[in-house]
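So the structure is just underneath, and the comments pick up after that.
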Amino acid sequence: MRKIFIAGNWKMNLLKSSATALVQQLMDSLKGISNVDVAVCPPSVYLGDLAATLRGSAIGLGAQNVYSKPDGAYTGELSCAMLQDVGCQYVILGHSERRAIFGETDALVNEKLKAVLAAGLTPIVCIGETLEEREAGRTTDVVRGQCRGSLAGLTEEQMKKTVLAYEPVWAIGTGKTATPAQAEEVHADIRALLSTLFSPSTAEHVIIQYGGSVKADNALELLGQPNIDGALVGGASLKSDSFTAIVQAAAAIKK
Ligand code: 13P
């Protein structure tokens with residue numbers, strides 16, 4: 001039984017006051033929901049403050065990136081220990097914006113993933129094809145390639161602790177959501193791949209979120225698919241009402 005996991009990726013949005021207000025609203029509006037795991041991933045500079053605001057709440061806290069090295073001369077970077085020190089439990093890795101804008105490769109994502117798992121943080125590893133790749137009929141190849149590269153060398157136990165997020169690049173911030181059938185097809189294929197790379201029982205454990213224009217009005221149908229175990233939400237996670245409605249939709253689903 002996989003528990004639905006909804007995470008908000010705030011990207012480079014909000015300032016301290018609006019971030020704190022949003023978290024306070026969510027603590028209130030999500031009170032009483034216990035059958036869904038929820039996390040917010042704000043900009044790193046606010047993690048410490050928000051961890052203090054969230055103390056005692058069931059809402060988890062995640063970073064949007066991390067570096068793999070423990071310390072040293074890596075100007076501008078943050079380590080896993082630093083994220084833990086300020087109260088973080090999750091880290092998003094290999095988001096398509098980091099891959100496309102900052103040149104992150106599967107090899108780098110893999111290096112970061114191993115550091116995150118060794119530290120005891122929960123990684124959310126993003127994969128997904130571009131529109132060009134989809135139109136060329138290469139979705140399966142691309143997504144499988146990203147999985148193989150990003151997840152290389154993991155033990156079964158490490159794989160079980162890793163969350164994946166399938167985010168078709170053409171659906172991110174565009175308002176174009178993959179249809180539930182399109183998303184389910186890729187999720188099922190990812191699980192089939194995990195079953196051969198690891199084992200069927202490990203594959204059954206892994207949470208695979210969908211991301212890309214998830215909104216309150218499409219969440220129910222997407223999350224109702226057998227292999228869609230949650231959502232990584234961008235734009236709709238920036239407002240309490242829309243994020244709450246997505247979590248409520250998830251809470252209403254009986255799988
Ligand atoms: P949107 O929900 O804004 O499309 O963003 C999705 C995303 O990139 C989450 O990581």
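Remarks
- Placed amide H near Ala39: partners under 5 Å, 5+ positions off or other chain: Ile6, Ala7, Gly8, Gly60
- Amide H to amide H distances under 5 Å link Leu93 with Ile124, Val125, Cys126, where only residues 5 or more positions off or on other chains count and H is placed in the peptide plane.
- Shown for the chain: the carbon plus sulfur share of the solvent-accessible area, taken with all protein chains present and a 1.4 angstrom probe, equals 54%.
- Given charges at Cβ of Lys, Arg, Asp, Glu: the stretch 82-198 dipole, positive-most of Ile172, Ala152, Ala183: Ala152
- Å² of accessible area per residue within the stretch 83-125, as computed with a 1.4 Å probe and no ligands counted: 40
- Computed label-point distance, nm, for sites Ile253 and Asn13 using a 7 Å Cα→Cβ extension: 2.1
- Taking Asp37, Asp189, Asp217 in turn, the Gaussian network model of the chain (Cα-Cα springs below 10 Å) assigns the largest fluctuation to Asp217.
- Å² of accessible area per residue within the stretch 1-45, as computed with a 1.4 Å probe and no ligands counted: 51
- Within the stretch 114-139, backbone nitrogen closer than 18 Å to the virtual label 7 Å beyond the Cα of Glu185 toward Cβ: 128-139
- Cα gyration tensor category, rounded, prolate or oblate, for the stretch 82-227 with a/c compared to 1.5: rounded
- Under 5 Å, built H, 5+ apart or other chain: amide partners of Glu167: Ile127, Gly128, Gly211
- Cβ-derived FRET efficiency at R0 41 Å, Asp28 paired with Ser199, nearest 0.05: 0.45
- For the stretch 189-255, the solvent-accessible area works out to 38 Å² per residue, with a probe of 1.4 Å and every protein chain left in place.
- 3J(HN,Hα) from dihedral phi, the stretch 13-20, Karplus parametrisation 6.51/-1.76/1.60, rounded to Hz, x for glycine, proline: 9, 6, 10, 3, 5, 6, 5, 5
- Extension gain, Ala52 to Lys239: 0.36 nm times the residue separation minus the Cα-Cα distance gives 65.3 nm.
- Three-way shape label, the chain, alpha-carbon gyration tensor, a/c 1.5: rounded
- When the pairs Lys31/Lys114; Lys69/Lys161; Lys114/Lys239 are compared against a 27 Å limit on Cα-Cα distance, Lys31/Lys114; Lys114/Lys239 fall above it.
The values are calculated or read from the model by the stated rules, or taken from the named source; none is laboratory data. In this text the structure is predicted, and so the values were computed from the model without any measurement. All Cβ positions, even for glycine, are placed from backbone atoms using ideal geometry, and neighbour counts span all protein chains on display. Note: areas computed on protein heavy atoms with side chains; ligands, DNA, RNA excluded. Shrake-Rupley method; radii C 1.70, N 1.55, O 1.52, S 1.80 Å.
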